[in-house]
Structure formats: structure tokens, C-alpha cells
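The values are calculated or read from the model by the stated rules, or taken from the named source; none is laboratory data. It should be emphasised that the depicted structure is a prediction, and the values quoted were computed from it without experimental measurement. Counting neighbours? That spans all protein chains shown, and the Cβs are built from the backbone with ideal geometry, glycine included. Heads up: the accessible areas ignore ligands, DNA and RNA and are worked out on the full protein's heavy atoms, side chains in. Shrake-Rupley method; radii C 1.70, N 1.55, O 1.52, S 1.80 Å.
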Amino acid sequence: MASSSSNRQGSISSVQTENRTFSPSDEFSKKAHIPSAKKLESIRKKAAKNPVEFWEKQAESLEWFRRWNIAFKWKHPVAEWFGGGKINISYNCLDRHLNTWRRNKAALIWEGEPDGEIRTFTYSQLHHEVCKCAGVLRSLGVKKSDVVAIYMGMVPEAVIAMLACARIGATHNVVFGGFSAEALRERINDSKAVMLITQDGAFRRGTAVNLKQAADAALEHCPSIKHSLVLRRTGGEVTMKAGRDHWWHDLMRGATSNIAAEPLGSEHPHFILYTSGSTGKPKGILHTTGGYLAHVAYTTKTVFDIKDDDLYFCTADIGWVTGHSYIVYGPLANGASVLMYEGAPNFPEPDRFWDIIERHKVTIFYTAPTAIRAFIRWGDGYPLKHDLSSLRLIGTVGEPINPEAWMWYRTMIGKNKCPIVDTWWQTETGGIMIAPVPGATDTKPGSATFALPGILADVVRKDGTSCEPNEGGLLVVKHPWPGMARTIFGDKERYKETYWSNFPPTKEHQGWYFTGDGARKDTDGYFWIMGRVDDVVNVSGHRLGTAEVESALVSHPYVAEAAVVAKPDELKGNALVAFVTLKANITAGDLNKLKEELRNHVGVEIGHIAKPDEIRFTEGLPKTRSGKIMRRLLREIVAGGVISGDTTTLEDFSVLEKLRGDEE
Ligand code: PRX
């Protein structure tokens, strides 16, 4: 969709043009929270003049135990929002609704994978469960500011555990259930978690994934963990370690529900969530309390136009930031009804989502481009079999959506009547940053449209000057916003270096946030995201640092060096290709067997999602004179074998020739 050669410093050339536009229907706009482009423009203009005042207004829609006295404090790159304020996220997501008619409204409707079991929690019921779980955490010695790791599948108890942590001021660290024992161990140790909440197994595509076994393996080397709480879900065999492991149902049975929500400082650490960066070590992105909630509550209301009679279904996993911000915190803060589904979209058949939408009468559906590409491949027959007329709004997140997939989504799922909200944001941004406001914005297929009110995004060159229309450049945010990450847990230098060093403060501004993404704005000012400019790639909507995969490969005893690059893939967005050199004393024998072994090794080290799609053995890797692997060349090789661009810094040309030779 875009290439990355440039002649102007820092600019990236883009080859995509798209002229179709789609306006929301009058019927949709009339009922929307923001009903017209004119209204949106006036909000945006006012917010741009004074973003702090704008966000203060949004924060006022939350319930604070004590109002803030300093709305915003900035000491590059450390932000404080709503300083002096006291607030509790679990209170805002639950207790607040209990004094209203919503107390008996469905907060969470959950559907299990294997037999379609349905469990519904009203706001009162969810509140009760969360209070009990908070009581259990306290009884196991968890205190305010302790870190609690959560390694679960898509079960209501994962939501309950997160809200229970928030209730007592413990910081949760949710680790995606698809990660391996090794990845879990690393994330527990880096965050110094005192407790782990997990389950025996999770259902996924008809089989039970044994989470407890992986947790046991991880906990062998996690000295900070004192207790683990284990939910019984699959009924599979597990070993319980006396004194450490406790059954969820045993402790919940006798737990007190008399646990008041703890008033927490606005900057209290709410959660840590690990995400990939361009080095081998995942980054523990830290989010705090008041600002985060203000951001996700406002964006849920504005972008999903959420109303009391909606049923909102987000297909993300709870282990990713989308699950945090737009399954749990944003929707519940708005008193919405959330549908949560446990399993795979193609179990038992590839129409499971459409079946869920039809049976539950879902009105808002939020998914990822990689899923949409899979739906397209599975065929129109599956959505056509179902009545999807309850839908009124559909959304995407996670990677650029190509215009054809966007059009398919619009016609086949949205039946040409639902606005599409293509939402650009990141783990680090906490909430949505660039997206259409559905009753107000004309959409273009493949564009996330404009920055939301209060978000000052731009596309700039390396020297900080703004790009011309259609000139590709670096996507930056020019003013801090309340949901932004506050630091990388335990590594504030890396935080500064990664996000705030490209555009440090000058006489004119206080420093800009660099997203790591390339983008362009078209002549109408629409943003077109072009993907990552660093060594981070998007595979099936999951962000992976290629360096992380490389270090997993190098940890195999046969491997000397590895370089991992992405290759465009129709289904997954990107596929991973690993170039591997073997240690000198190794005679590998059956190379195909070794390839499989290495792929599985990465599966064990990181998780299934990170397994390279292709492994190529080579005698050497192309390097610069200073020893840096030239991944750009490898990318060009996997993309088709044509080497363009400058190669004068290459150390060993014969290596390059060999790699090309291997290709042919
Ligand atoms: O490259 C962008 C891409 O996903 C990255 C963020 O990944 P992660 O932190 O895992 O969060 C994913 C869910 C918010 C971004 O830097 N990305 C995300 N949404 C979009 C996108 N690229 C294009 N369009 C989007 N709507």
C-alpha cells in the first residue's frame, strides 16, 4: 500500500489514492451524540485552542471523590493529569450505575465457545462479584500498588479480576492467554507481580488450552509471586501447589462483598500492559487512573456513539489494550451493555460472529482488519446466512484496512447503512486518537479520517516541519492527552528515548510524541496510516517486535544469528520471514526438520502468534560496517528480490549475492 523510499529527509512516498467518500445517513446523524460535521468542527476547534480545558470537561462526566486542583502538569516527558483528584475506576464502572435505573441493566453478556452457554451479569451482579473478588485479593494479602498478573482466556472472571484490582488500587498486568510460559514468566518478573490469577484451561477452536500448566512452568522461576488464584473453566486435570494455589470458587464462596472502592490519586498506576518494541525486551506500558478513564469514557461515547439501548460487541482479546479500553473500561464507564465471546470466530463454523450478532441483536460491532480478511476468504455465504439488521455501527482497529476489505465490510456486514469507524490508536495512547465520529464524519475507505477533538495529531518530516498534502511522513501528537502512557515500567529512559526524543522541546513547543507510525494527510486533511517505520510489524493485528523473535531464535542452541523481517501477506497483513545462520560446529542434518523445530522453539519462547512463517538458512547476513544487520535489504529480498537503494555501507557483498541466489 505504501513504499518507503524518499528523497526529502524523513518523508515517505505513498502510492495509494482513494476518492470514494461515504456520508452517514440522516437517520444515523439525527440521533448521534455529535450529529453533524459542523458541530464536530466547532468542538474540535475549541478543543485545539485549549486541549486541557476540553479534557477537564470530559473528566467532569466521571465521579470523583475529590476534584483535581491541577488539571495538567508537564515536565517533559512526564505528564500528570487531574493532579490532586481522587477517583476509583471500579466505582465509575459499577457503583455509579447502581443508584440509577441501570442497576438491573445487563453490563456483561457472555457467550462460551463450546456449547453456546450464556451468562449475563447485570450491573448489580457484576458489582457484587467484583467486590467479592476484591475481598479475595485482600485476604491473600494484596495491597494497594501491588501488581497482580492475570493470565486468562475470555471469561467474565477476567473482567471481574481486572475491576477487583482497580477497586483496591492493585495494578493489573494482563498477559495474553496465547503467550507461552516463558513470555508469562518474563512479564511477571519484570512487573514484580505478587499474585497470579489464571484458569485451568481456556476453550479455543474446540480444544482446551492448558493455561495452568503454562502458569506452573512460569511460576517455577517467579520469586515475587506469593499466591495464585485458579478458575475452573474446562475441568481439565491440574496440579495445585499447597499454600500457593487456591481455587477461585473456594475463596469466592466465603468472601466478603463489603469492599468499598478505594479513593485513588488520579495518577495512581492502574495497569501495566506489555507490548513489543524494536528491541528484544517487551515494554511494560504503564497507564494511570483519572486521565485514562476520562479518555476511554469520552472516546467510547463519541466514536461508538454508545447509547443505553445498544448491545456492543468487541471481538478483541482481553489480553490486548483494545480488550482493556473497549471491552471493559470505556463501555462500563458509559453504563453500556457489552457482549463478550469466549472463542474463535470459526467455531463450530465460520459464521459464529454473525450467529452471535443475529441471536443477541448486537448493534455495534468492533473487530480487526485481519479478521475481516479471514471473513472474506471464508466466503459471503456465512454472513448472508444471518440477519444482521440489528447492526447500526461497525468498527475496526489494529492495522491499516485496505480499501477493498473496507468496502466488503461496508456492504456485506454493514449492509451499506452502518457507518464504519476505522480507529487508529496504540497500547501507548490508551484510547482512540484518530477516527471518524460516526454521525458527523464523511468516511473514505482505508482512512482513519481525523484526529478526535482534544488530540493534536500531525504528519511531519524528520526536521519537524509539517508535510505537504499527500507527502508521507512521521505521525506525531503535538500535545499530551489524558490517556497517554506515563512511562515504561521500570525504564523511564527507554520511555523518553522511544517516544519523546525524536521531537524534543524547542522554543515553539513542549515536545511531541512520536508514534512510530508513518502516515500522510490527503488534500482534504484525512489521515492515511502507512504502518510502522521501526522494526515492529503487525501480524494478524498483533504488534510484534522482530527483535523479540530474533532473540527467541538465537536462544536455540544451533542458531548463531537471526534477522526477522516482514513480507506482505494477504490474510495476516504481514508474514514473518526469518534469515538464520547456524553455529559453525553444527551439522544440521534434515534442514526441514530443523525449520519446524525453530518455529516451535519460537512458539515456546513467545507464543504461537510469533512463529515465523518461513525460515531461510544462510551463511551470513548483510551488515553495515558497524555490524548492524541491514534489514531493509532483507525486506526487499523477501518482497521480490530486487535490491534498490544504497548498498555502499554493506560489509560483505557476497552475502547479499548469496541471499539473492538463494531466492532464485
Ligand atoms: O501501527 C499502528 C497499528 O497498530 C499499532 C498499535 O498496536 P498496538 O499497540 O498493539 O495496539 C493495537 C490496538 C490499538 C499502531 O502503531 N494500528 C492500530 N490501529 C490502526 C493501525 N494502523 C492503521 N489503522 C488503524 N486503525
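What are the ³J(HN,Hα) couplings of the stretch 454-470, residue after residue, when phi is run through the Karplus curve with 6.51, -1.76, 1.60 and θ = phi - 60°? Round to Hz, x for glycine and proline.
After applying 6.51 cos²θ - 1.76 cosθ + 1.60, I find x, 10, 9, 9, 7, 10, 10, 7, 4, 7, x, 6, 5, 6, 6, x, 6 Hz.
Run through all the Cα pairs of the stretch 109-197 and give the fraction in each 5 Å bin from 0, expressed as whole percent.
Over the stretch 109-197, the share of Cα pairs per 5 Å bin runs 3, 14, 23, 20, 19, 12, 7, 1 percent.
Could the peptides 482-489, 453-460 be put in order, highest first, of the mean number of other beta-carbon atoms found within 10 Å of their residues?
Descending mean neighbour count gives 482-489, 453-460.
Between residue 587 and residue 189, what is the spin-label point distance in nm, taking each point 7 Å from the Cα along the Cα→C-beta axis?
My value for the distance between the label points is 3.6 nm.
Please report the Cα spread of the stretch 363-514 along all three principal axes, rounded to whole Å, starting with the longest.
59, 38, 26
How big is the convex hull of the Cα atoms of the stretch 301-411, per residue, in Å³?
Here the figure is 100 Å³ per residue.
Under the Karplus relation 6.51 cos²θ - 1.76 cosθ + 1.60, θ = phi - 60°, what is the ordered set of whole-Hz ³J(HN,Hα) values for the stretch 198-209, x standing for Gly and Pro?
9, 9, 4, x, 10, 7, 8, 6, x, 10, 9, 8
Counting only helical runs of four or more DSSP H residues, what would the 222 nm mean residue ellipticity of the chain come to if each run contributes -39,500 (n - 2.57) and the total is spread over all its residues?
Calculated mean residue ellipticity at 222 nm is -8000 deg cm²/dmol.
With Rg and the Kirkwood Rh both taken from Cα atoms, where does Rg over Rh land for the stretch 34-89?
Result: Rg/Rh = 1.07.
May I ask you to evaluate 6.51 cos²θ - 1.76 cosθ + 1.60, the Karplus curve with θ = phi - 60°, for each residue of the stretch 90-101 and list the ³J(HN,Hα) values in order in whole Hz, giving x for glycine and proline?
Karplus values, whole Hz, x for Gly and Pro: 5, 4, 6, 8, 10, 3, 4, 7, 6, 8, 10, 4.
Using a 1.4 Å probe over the heavy atoms of the protein chains, calculate the carbon and sulfur portion of the accessible area of the stretch 196-350 as a whole percent.
Answer for the stretch 196-350: carbon and sulfur cover 50 percent of the accessible area.
With every protein chain kept in place and ligands, DNA and RNA left out, what is the accessible area per residue of the stretch 323-377? Probe 1.4 Å, answer in Å².
I get 22 Å² per residue for the stretch 323-377.
If you scale each eigenvalue of the Cα gyration tensor by 5 and take the root, what three semi-axes come out for the chain, rounded to whole angstrom and sorted largest first?
Ellipsoid half-lengths, sorted descending, are 36, 32, 26 Å.
Calculate the dipole size of the stretch 393-448 relative to its Cα centre from +1 charges on Lys and Arg beta carbons and -1 charges on Asp and Glu beta carbons; express the result in debye to the nearest 20.
Computed charge dipole of the stretch 393-448: roughly 300 debye.
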